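Encoded as structure tokens, the structure appears first; notes follow it.
The values are calculated or read from the model by the stated rules, or taken from the named source; none is laboratory data. Remember, it's a predicted structure, so these values are computed and weren't measured experimentally. All Cβ positions, even for glycine, are placed from backbone atoms using ideal geometry, and neighbour counts span all protein chains on display. Quick note on the areas: whole protein, heavy atoms, side chains included, nothing else; ligands and nucleic acids left out. Shrake-Rupley method; radii C 1.70, N 1.55, O 1.52, S 1.80 Å.
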Amino acid sequence: MHGTREQNAHRGSFRPGRSRTIDSGPDPDERLVRPLPEAVRQHVVEAAAELIGALPPDEVPAPLRPFARFERRKRAKFAAPHIAALLEKDEAFRRRVAEPLRAGQAELAEALEAGRVPPAADPARVAALAYLLRPDGWTRLLEAAREELVRSATASEEAAAERRVAALREDLAALRESRAAEADKLRAELREAKAEIADLRRKLHEARTKARTVREEAEAAVAAAERRAAAALESAAADAKEVRRLRVRLEQAEANAEAARRAAREGRNIDDVRLRILLDALVDAAQGVRRELALPSTIGRPADAVGGVAPDRQALRALPGRSLSDDDPQLLDRLLTLPQVHLLVDGYNVTKTGYGELPLSDQRVRLLSGLGGLAAQTRAEVTCVFDGAALDVPVAINPPRGVRVLFSRPGQTADELIGELVRAEPSGRAIVVVSSDREVADAARRAGARPAPSTLLLRRLGRS
């Protein structure tokens, strides 16, 4: 920022507030030893850029013509290097740039040419005008302006630094206050934390004491449970021994009961033979009386009076099939040999037990076909009952000879219809109800009929 000693010796004083004097005497060899200060250069470039925009195109120097059409600020920005070079070497162009400044700042220009510098003048504008007008001592003016600008910048920096220092001091004071408040807060929190830690230690001690007590109680409970478990194991072993002994006695009782049942069946078989002989005699006598009195050979049956729905009135609603274990393979054969026996068949119970995979219509046809052959072989009265409580379309069935087919009425189940048929028979007539439904079998037994599982009928039809 400072020149050499020789330059300082020839520099004039350039301080605001007092008049400045320039040494007189032409000096055509005056030249700048350093570049223009940036503020001075900016003033010079802006003045030249303003002039370029005002000149006719043919008067604009050739290096600057590409920038003549630019906006003023753009000319000053992009043409600055070319303007600076041209001002330095083209005196005529420099004078043309200085003319508008001389006209606009006539008093300052006259003062500079007279060797004076107004005390309140802007150093940058003074240096720019001196650079363009080139009065005697203009280089000293530029150096003095440089020093003045440096002093101004330094003073500005010092003021800014002082402001920053003041701001930092305020921040430091605020920080100290905040740190003091934070320290007080932390001390209070520390006291609270210490009190909480002391409380937690007390609670921890109480919890450990309680846990020790609970552990001791648990150990005592485990020991008592182990003792009870050992006693339970001993009791279970004794109970198992007693169960084995009772199972042996039960097996013996079952064997005795089976022997008693066999003896009872053998006794019943003898009674059945005697009854059949008696019934055959009665039948033969009745047939002789019928022939002598010329009675009709066919009479109405009690089952004809029961109000069932004809097969062509309603459609079928299937009942769920139920399967029971086989009781005695010879039971149904013996029952069908009884005179005037009436065989009541729970239709869908039988079909679903034997061939439930078929459609319902095929189930009915298959069952009725088998019952027709059975009626022809045994001459028994056969009635097949199907559940028809939800039928809403006619069912076309052509029952085989000797087989009566009934559907239950709406709101009535096949089980209820079978119960009515059993109750309609005279006391003492042999009635066999074929169904694996336990409720149907129990009801038939209570009404005096003999139940038989569906599997027996299916096995009998399979042998036909």
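Kindly indicate which of 122, 136 is of a type in the set (Asp, Glu) and in contact with a Ser or Thr (Cβ under 8 Å, 6 or more places away or on another chain).
None of the others qualify; the one that does is 136.
Do we have any residue at all in the stretch 127-137 that's under 25 Å from residue 41 (Cβ atoms) and free of Cβ contacts under 8 Å to residues at least 24 places away in the same chain?
Initially, the stretch 127-137 is screened for residues under 25 Å from residue 41 (Cβ atoms), giving 127-137.
Right, trim to free of Cβ contacts under 8 Å to residues at least 24 places away in the same chain and you get 130.
Yes: one or more hits.
Please work out if residue 261 is open to solvent by less than 100 Å² (accessible area, probe 1.4 Å), within 30 Å of residue 333 (Cβ to Cβ) and basic (Lys, Arg).
Answer is no for this residue.
For the stretch 388-464, which fully contained helices (runs of 4 or more DSSP H) count at least 3 residues that are within 19 Å of residue 337 (Cβ to Cβ)? Quick ask: steps written out before the conclusion?
Details: elements: 414-424, 438-446, 454-463.
The qualifying helices (runs of 4 or more DSSP H) are 454-463.
Looking at the structure I just gave you, is residue 146 open to solvent by 60 Å² or more (accessible area, probe 1.4 Å) and either under 17 Å from residue 37 (Cβ atoms) or free of Cβ contacts under 8 Å to residues at least 40 places away in the same chain (or both)?
Here the answer is no, as residue 146 does not meet what is asked.
Being open to solvent by 40 Å² or more (accessible area, probe 1.4 Å) and under 16 Å from residue 128 (Cβ atoms) is the filter here, so list the residues in the stretch 40-73 that pass it. Even if it seems obvious, please write down each step before you answer.
First, the residues of the stretch 40-73 that are open to solvent by 40 Å² or more (accessible area, probe 1.4 Å): 41-43, 46, 50, 53-54, 56-59, 62-63, 65-66, 69-73.
Result: 41, 42, 43, 46, 50.
Pick from 373, 419: which is surrounded by fewer than 16 Cβ atoms within 10 Å (Cβ to Cβ), at pLDDT 90 or above, touching a helix residue (DSSP H, G or I) at 6+ places or on another chain (Cβ under 8 Å) and not hydroxyl-bearing (Ser, Thr, Tyr)?
Answer to the check: 373.
Please specify each residue of the stretch 104-117 satisfying the condition of being assigned to a loop (DSSP other than H, G, I, E, B) and at pLDDT 75 or above.
105
Would it be correct to say that residue 419 is out of contact with any Asp or Glu (no Cβ under 9 Å at 6 or more places or on another chain), farther than 20 Å from residue 328 by Cβ and not basic (Lys, Arg)?
Spelling it out, residue 419 is indeed out of contact with any Asp or Glu (no Cβ under 9 Å at 6 or more places or on another chain), farther than 20 Å from residue 328 by Cβ and not basic (Lys, Arg).
How many of the residues in the stretch 135-159 are touching an Asp or Glu at 6+ places or on another chain (Cβ under 8 Å) and of a type outside the set (Phe, Trp, Tyr)?
Let us first name the residues in the stretch 135-159 that are touching an Asp or Glu at 6+ places or on another chain (Cβ under 8 Å), namely 135-140.
In the following step, the residues that additionally are of a type outside the set (Phe, Trp, Tyr) were identified as 135-137, 139-140.
Selection size over the stretch 135-159: 5.
Mind counting the residues in the stretch 74-90 that are exposed (fewer than 14 other Cβ atoms within 10 Å of the Cβ) and touching a residue at least 12 places away in the same chain (Cβ under 8 Å)?
Number satisfying all stated conditions: 1.
Name the pairs whose Cβ atoms lie under 8 Å apart, with the first residue in the stretch 378-396 and open to solvent by 10 Å² or more (accessible area, probe 1.4 Å), the second at pLDDT 60 or above and among the hydroxyl-bearing types (Ser, Thr, Tyr), and 6 or more positions between them or separate chains?
Between residues of the stretch 378-396 that are open to solvent by 10 Å² or more (accessible area, probe 1.4 Å) and residues that are at pLDDT 60 or above and among the hydroxyl-bearing types (Ser, Thr, Tyr), the close pairs are 378/337; 389/408; 389/413.
Cβ-Cβ distance below 9 Å, separation of 6 or more or different chains: which pairs start in the stretch 103-117 with a residue that is among the acidic types (Asp, Glu) and end on one that is open to solvent by 80 Å² or more (accessible area, probe 1.4 Å)?
110/102; 110/116
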